[in-house]
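Okay, structure first, notes after.
The values are calculated or read from the model by the stated rules, or taken from the named source; none is laboratory data. Treat the numbers as computed from the prediction; the structure is a model and nothing was measured. Every residue, glycine as well, gets a Cβ built from its backbone with ideal geometry; the counts of neighbours run over all protein chains shown.
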Amino acid sequence: MGSTSTSSAALIHHFRLTSPDMCSPRKRPYTMNFCNSWKEDASFEEEEKASPIYECLYPDKEELPDDKEMTIFDHLEELRERIFVSVLAVGAAITGCFAFSKDLIVFLEAPVKNQGVRFLQLAPGEFFFTTLKVSGYCGLLLGSPVILYEIIAFVLPGLTRAERRFLGPIVFGSSLLFYAGLAFSYWVLTPAALNFFVNYAEGVVESLWSIDQYFEFVLVLMFSTGLSFQVPVIQLLLGQVGVVSGDQMLSIWRYVVVGAVVVAAVVTPSTDPVTQMLLATPLLGLYLGGAWMVKLTGR
């Protein structure tokens, strides 16, 4: 029995000498690079899992209250149904807008009606296709709440509780800013731009405008302004994910001033400096407001 214990102890001692710990610098110095690399990879994975971006992409199962298994075909079928409902809602809205298309055109002509501008139909059917275009834009605008609802209903089961609490203010703020952009464009930008063109041509040429080109100008200006007013929403999303902080946004305000002027020049269909500055100023204000909101939320 004693010889057995002695031989076992000798065997264990021999194993420790011939098979040392790979990460021990006393026994295997040449294995240190591998061990350090392995430890660095492990620490990098832990830091990555602790980042807000990782938590956003890979949330815990406990944070998904409506999590359930669905096949890819189930997802595609649900997506098809929601797209069908959205298209149906937009189609119904376009049809309704077409029934009142002449009233809509009179409403959109108001910014220059008192400037002595007259509209012409330069080709057969131009006014008809203009009414279709106006009805399409207005129908898309009226049907956008249904589209937004279907998008939210599709992605909601995959959102965590924290993301759901954040979704409501984002959707409400985005909708409010978009309609504020439309109103700002109709009441401020469009009259300023059109008055500039009318006054510039006064005494030289008579203002006889193509009805199609006029509405192309007005509709593009209104929708592009509404989209550009989404700057604070994008900032809040980036801050929530952890891509950029409020202090970082505020530190680059000089570049933002230049960027706002460039964006205004690209977004506005006109080339006059008055319209560009009228759009660049609220864009800069929205950016600074969004940066302060990100900072106040602790991001």
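Taking the listed residues Ser251, Ser207, Ser185, Ser175, the one that is touching a Lys or Arg at 6+ places or on another chain (Cβ under 8 Å) and not basic (Lys, Arg) is Ser207, with no other qualifying. Please find, within region 90-135, the residue that is farthest from the chain's Cα centre (by Cα) out of those that are surrounded by 13 or more Cβ atoms within 10 Å (Cβ to Cβ) and among the charged types (D, E, K, R). Filtering region 90-135 for residues that are surrounded by 13 or more Cβ atoms within 10 Å (Cβ to Cβ) and among the charged types (D, E, K, R), the one farthest from the chain's Cα centre (by Cα) comes out as Glu126. Only one of the numbered conditions (1) at pLDDT 90 or above; (2) surrounded by 12 or more Cβ atoms within 10 Å (Cβ to Cβ) is not met by Ile152, and that is (1).
Within region 183-214, if we keep just the residues that are charged (D, E, K, R) and not in a helix (DSSP H, G or I), the residue that is surrounded by the most Cβ atoms within 10 Å (Cβ to Cβ) turns out to be Glu202. The listed residues are Leu167, Leu219, and the only one of them that is closer than 27 Å to Arg118 by Cα and in the same structural domain as Phe128 (by TED's automatic domain parsing) turns out to be Leu219.
From Phe119, Phe84, Phe127, grab the single residue that is of a type in the set (A, V, I, L, M, F, W, C) and without any contact (Cβ under 8 Å) to a residue 60 or more places away in the chain. Spell out how you get there, then give the answer.
On the way: Phe119 fails: without any contact (Cβ under 8 Å) to a residue 60 or more places away in the chain; Phe127 fails: without any contact (Cβ under 8 Å) to a residue 60 or more places away in the chain.
Result of the check over Phe119, Phe84, Phe127: Phe84.
Looking for whichever is of a type in the set (A, V, I, L, M), under 29 Å from Trp292 (Cα atoms) and at pLDDT below 85 here; the options are Ala201, Ala162. Which one fits?
Testing whether each residue is of a type in the set (A, V, I, L, M), under 29 Å from Trp292 (Cα atoms) and at pLDDT below 85 leaves just Ala162.
Total residues in region 102-118 satisfying the condition of being basic (Lys, Arg) and modelled with pLDDT under 90: the figure is 2.
Among the residues of region 157-182, count how many are without any contact (Cβ under 8 Å) to a residue 12 or more places away in the chain and loosely packed, with under 14 Cβ neighbours inside 10 Å. Going through region 157-182 one residue at a time, the tally reaches 5. Look at region 227-256: where a residue is on the phi > 0 side of the Ramachandran plot and a partner is not in a helix (DSSP H, G or I), sitting 6+ places away or on another chain with Cβ atoms under 8 Å, you get Gly242/Ser51; Gly242/Arg299.
Yes/no per residue for (1) hydrophobic (A, V, I, L, M, F, W, C); (2) surrounded by fewer than 17 Cβ atoms within 10 Å (Cβ to Cβ); (3) touching a His at 6+ places or on another chain (Cβ under 6 Å):
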{"site": "Glu216", "(1), (2), (3)": "no, yes, no"}
{"site": "Leu219", "(1), (2), (3)": "yes, no, no"}
{"site": "Ser224", "(1), (2), (3)": "no, no, no"}
{"site": "Ile234", "(1), (2), (3)": "yes, yes, no"}
{"site": "Gly259", "(1), (2), (3)": "no, yes, no"}
{"site": "Pro273", "(1), (2), (3)": "no, yes, no"}
{"site": "Gln276", "(1), (2), (3)": "no, no, no"}
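Filtering region 225-268 to residues that are over 19 Å from Ala180 (Cα atoms), outside any helix (DSSP H, G or I) and touching a helix residue (DSSP H, G or I) at 6+ places or on another chain (Cβ under 6 Å) leaves Gly242, Val244.
The set of residues in region 220-234 that are in contact with a Gly (Cβ under 9 Å, 6 or more places away or on another chain) and more than 12 Å from Gly173 (Cα to Cα) comprises Met222, Phe223, Ser224, Thr225, Gly226, Leu227, Ser228.
Where residues in region 119-149 are farther than 26 Å from Ala93 by Cα and either in a helix (DSSP H, G or I) or in contact with a Ser or Thr (Cβ under 7 Å, 6 or more places away or on another chain) (or both), which of them is modelled with the highest pLDDT? Once the filter is applied, the top-ranked residue is Leu120.
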